[in-house]
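Everything below concerns the one structure shown next.
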Amino acid sequence: MDIHRSFAQVAIFAEGQIQQELRVELTNERFLTFARTLEKADVVVIEATGNSAAVEKLLRPFVTKVAIANPRLVRAIAFARVKTDKIDAGILARLYASGFLPEVWAPDDDTLHRRRLISERMAVLDQMVRLKSRVHAILHGNLLPKYDGDLFGKSGREWLAELPVPPDERRILERLLIDLERVVGQLRELDINLARQALDDPRARRLMTIPGISTIVATTVLASIGDIARFPTAEKLACYFGLTPTTRQSGDHPARHGRISKQGNASARKMLVEAAWSAKKAPGPLRAFFTRVQKKAGAPAAAVATARKLAILIWHLLSEGTEYLFARPAFTAMKLRRAALKAGAPREYGHAGTTHDYWIKEIRQREAEYVEQAERVYERMVEAWKTAGPVGTG
C-alpha cells in the first residue's frame, strides 16, 4: 500500500504476482470500509510517513500484521527509473514476500503520545528561539549594546522598553515580546505534562539517577526508544541515536572512521548531547571521561562522545532494571522533588520529605567523596592503559 495525503494505492499480491490494483481514499469511513474487506490472515505493507501511524492503527484489528517499511532503505534496495504509485505498491509487496523488506518498529499508543508531546515541545522551542533571534536582530540593527543579564527577564524587559528605536521597530519589538510571552507559556505547560509523565514512569526515574539527565531528557529518550527489547545490544541503541561513527572500507585499504552518522531521532540525540554538557559539571566517571576526550579532541567532540557513553548507560539501566552505579541518592531525590514541584505538587514547608538528606552537609559531602573517588579510579585506569600500550606489543 503506497499511501499519500488523501489516498492509498493498493496492490494485492498473492501466489507470486499482483492479483488486483485499486485506489482507496484516506478518509476515516471509506478506509474502514476497505479494511473490513481484508482477511485476518492478510499482511499489509506500508511505508513510514506522516500518516502511517494512523493507517497502521486502523488496519491493526483486521489483519495479522501491518509491516512498516523504512522508505530510505526501500529506495536504496528497489531503485526504479520508472516510478509510479502502482509500481511503488508492487515493490513493497514483492520485497515483503521475498523477505527483503527493511521494516521499522510500530510504536504503541503510549509511545506515540510521548512522541507527539516531544515533537510539539521541539516546535515550540524552535519558535521561541526564532522570536528571541528577531529581538536580537533589532538590537543589532540599531547598534545597541548587549544587555548584561537576562534580556527577557523582568529587568531585561524594562531595559527594552526604554531603548531609543524607531517607532515602526518599536511596534515590531512589542509584538515580538507579546508572542514570546505566549510561546513561553506554552513551553511551560508542555514541561509540566512531561514532568508528570516522567515521575509516573519508573524507567524515567531510573534514568534520572544519571548526572545530566532531567525529566525532559528522560522522556525524550524513552519516547524515541519505546521498547528497549528491540535493541539487542547497547551499540545498536547508540547507532539508533546516530551517535556512532561512519566507516568506509574498500579493497586492501584500511577502514576509515568519520563523523557520527546522525541517522535516527534528532531530538533524542540533541537531548543526550545537552545532558553530556551537564554531566561534565558533576563529579564522577562521566566527567573524567569528558575531560579525557576534551584534552585529545576538543570540547564538542567530548560532548558527542559522552552522549554516546550515556546511550550505552541507558541501555544497561533499562535492560537490567537497575539504577546508575555512581548515583548520588540525596542529589537524585532533590532532582525528583524539583520535578514534582514543576508538575504541580504542593510545597511542604517544615516537613523533611524525601529531600531531607540533601540538606545535611555530611551526607552530601560523603556522596560527593564517593563519586570523586570513582572519578580518580577512572583516571588511574586510563593512565594504566597508556603505560601498558596496545595489546600484543612487547
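Quick check on segment 220-253: of everything there that is touching a residue at least 40 places away in the same chain (Cβ under 8 Å) and in a loop (DSSP other than H, G, I, E, B), which residue is most open to solvent (accessible area, probe 1.4 Å)?
In this case the residue turns out to be Asp227.
Check Ala266, Ala302 and return the single one that is surrounded by fewer than 15 Cβ atoms within 10 Å (Cβ to Cβ) and of a type in the set (Gly, Ala, Ser).
After applying the criteria, what remains is Ala266.
Those residues that are more than 22 Å from Arg380 (Cβ to Cβ) and outside any helix (DSSP H, G or I), I need them from segment 285-327; list them, please.
Listed by number, the residues that qualify are Gly298, Gly321, Thr322, Glu323.
Give the number of residues within segment 14-37 that are touching a strand residue (DSSP E or B) at 6+ places or on another chain (Cβ under 7 Å) and open to solvent by less than 60 Å² (accessible area, probe 1.4 Å).
Total satisfying the criteria: 6.
Could you go through segment 338-351 and let me know if any residue there is farther than 29 Å from Leu187 by Cβ, modelled with pLDDT of 90 or more, open to solvent by 70 Å² or more (accessible area, probe 1.4 Å) and not small (Gly, Ala, Ser).
Within segment 338-351, none of the residues are farther than 29 Å from Leu187 by Cβ, modelled with pLDDT of 90 or more, open to solvent by 70 Å² or more (accessible area, probe 1.4 Å) and not small (Gly, Ala, Ser).
Considering each residue of segment 142-166, count those that are open to solvent by 60 Å² or more (accessible area, probe 1.4 Å) and not in a loop (DSSP other than H, G, I, E, B), and give that number.
Summing the residues that are open to solvent by 60 Å² or more (accessible area, probe 1.4 Å) and not in a loop (DSSP other than H, G, I, E, B) in segment 142-166 gives 6.
Does Ser261 satisfy being over 30 Å from Arg196 (Cβ atoms), among the polar types (S, T, N, Q) and open to solvent by 70 Å² or more (accessible area, probe 1.4 Å)?
In short, no.
The conditions are (1) over 16 Å from the mean Cα position of the chain (by Cα); (2) surrounded by fewer than 21 Cβ atoms within 10 Å (Cβ to Cβ); (3) assigned to a helix (DSSP H, G or I), and Ala282 fails exactly one of them. Which is it?
All conditions pass for Ala282, except number (3).
Looking at segment 307-321, can you tell me whether even one residue there is open to solvent by 20 Å² or more (accessible area, probe 1.4 Å), closer than 20 Å to Gln373 by Cα and touching a residue at least 12 places away in the same chain (Cβ under 8 Å)?
Yes, that holds for at least one residue.
The values are calculated or read from the model by the stated rules, or taken from the named source; none is laboratory data. Because the structure is a prediction, the values reported are computed rather than measured. As a convention, Cβ positions derive from the backbone with ideal geometry for all residues, glycine included, and neighbour counts pool all protein chains shown. Each accessible area value is taken on the protein alone, full model and side chains, heavy atoms only, with ligands, DNA and RNA left out. Shrake-Rupley method; radii C 1.70, N 1.55, O 1.52, S 1.80 Å.
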